[in-house]
Amino acid sequence: MALPKIFRYSLDQKFRSAANWIMRQVTTESKEERLDLHKEQLKKILLVRATFRMGHSILAVPAILLFRKTFPHARIDFVGAPVSAKAFGNLPIDHHFSITRRYPGSAWDYPLLLRQLRSVGYDIAVDLSCSQSAMASFVVGFSRARFRVGLRGKWDRWFNVRVPRPAETNKYRILPAFLRALGLEVQESLSSSLLSDRENEQGKRRIEELAGWGGARPTVGVFVGGRKTRGKKWPMNNFCELITALYWQGVNVVAFFGPEEKTLMGFYSDALDSGIAKVFESSFSDFAAMVSNCGLFVTCDSGPMHLACALNTRTVAIFQNPNFDHWGPPPSLARIVHQPGCCSVDEVFKICLEELSLDPTPARFLRKESLSKSSPSMFISQTRKAVSRLEKSIALQRLIFLSRCAQGLFLFSLMIWTWFFPPSGIFAEGTWTDAFMDTAGIGSLSAGGLLRMWALSHGGRCSRLRRAKTPELITTGPYSYIRHPIHVGYLLIGLGMIFLSDAFLLTLFFLAFFALHYRIIIPAEEEFLKEKLGEGFDLYCKLVPKYIPRVLPG
């Protein structure tokens, strides 16, 4: 069943269709020309892959290498997304021109780009998207190259060399078929130059440090991302189960996060064993270098899947949608996994072990912690614990979000109260009761603020918001006296605000806010920490009270 289109994608498609219709009305179709690459003197070549996803750009790499091999002395330029400028730094191209999708900046960026391209005077411009990109067709068509080449299709209006569409539909095979139709000698594989020797060596050292290579243990990289809007993303629970199973099998595992998954690192840190490396690398070359040095790379249908294949890293590609015939890498590069509904963890785990040539029955590489347990029950127990921690972490974050909403509502109510009912002095001004309330308000507000700052200086933000890369038990500072100094700080701050603004009617609202923490949020937090930190947290709970210290700080 086709997934409903996201609004911005639908709007973008309508905009492109409208722009294409307008361009058809104001331009004429190019006259067909004959092209023989072996007879023409091609000194200036323009290659275009005008799409913004990493995977689309990576698929153009073989064409770049082939054109350079065929025309070693020609000037070869490339037009692509900003990500290709980062990825193609080591490829044999002379100039890279970046396209943009910024609005309204693109309204003048593209005219400037076309002006630059026209000033070069290219002999040939080639659409490497195989007539699947309106933008690529537009750039090729208006580059004023002598030969403007692309596949026949709905975007071929501005080409003067239209190559018949091959029977191939797979993205890994259609481009080579297109290049063969142009008369180029396409080889089965061309050595990728995405990384320099120095970058590759740095990636190897980084992987060794992260994975803790020991003996003959293999290393598996797992990219936990994928485009959720297109239904390509594997559920987080499944990734947690797979990573945990591989780890307890004795495999070194590195979990990779992209920009779209960076906010999920806290949840995975909560769920996964602390011995599993979790990496977000914003540098393309550093990320690619680490992927290149993995013994196996597991990912959904995504840009990193195509990157791993380009780097000749053996890949297990999880396809949620039945479009693997169109986007799937060839068997020589990847093992495709697809099951109706959703790929099972057991199937992906089994395939990973087969690719690593490991026996499905844990034996040689088992973790020390598992030797005293029966293998099947150990795996079931560990994976269930990981999933349980993940679910509790997600539930806890929702509660914390609810708490923030309640805090915002309380502050908003306080502002409304003071706007319509400014402090009028319920107690007679100058009396001891008035002075007491002001003193209590200032003291409570100051004490709460100082306590909260003290707690945050000892890692409280990470411990409460679940964003520490390696969660650990904090027993220093205020945590050596009470278990929840931040919550107590919020209580004191709220009471201080009520006293100073004489908003005593809001006390009931504030008590309801505190009840939310006391009865729901704090128990959920402690339950999660008990499962994550084990006996250490149980002992901490016995020794340290929740809210009222047994002794005051010395």
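Below are the figures for this structure:
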| item | result |
| --- | --- |
| Interchain or long-range residues, amide H under 5 Å from F147's placed H | I124, A125 |
| Segments 404-412, 320-328 sorted - mean Cβ within 10 Å per residue, highest first | 320-328, 404-412 |
| Burial ordering of S444, S57, fewest other beta-carbon atoms within 10 Å first | S444, S57 |
| Net +/- balance of residues flanking D127 in space, Cβ distance below 9 Å, scoring K and R +1, D and E -1 | +1 |
| Cut-off 12 Å between beta-carbons: net charge of the residues surrounding H338, Lys and Arg +1, Asp and Glu -1 | -1 |
| Net charge of Cβ neighbours under 12 Å - reference S283; Lys, Arg +1; Asp, Glu -1 | -1 |
| Nonlocal amide H pairs with F159, under 5 Å, H built at 1.01 Å | S30 |
| Set K262/K385; K43/K204; K262/K546; K262/K532 screened for pairs whose C-alpha atoms are more than 28 Å apart | K43/K204; K262/K546 |
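Read-outs throughout are calculated quantities, based only on the coordinates presented, and are distinct from any laboratory measurement. The structure displayed is predicted, hence computed values, not measured ones. For neighbour counting, all protein chains shown are included, and Cβ atoms are generated from backbone atoms with ideal geometry for every residue, glycine included.
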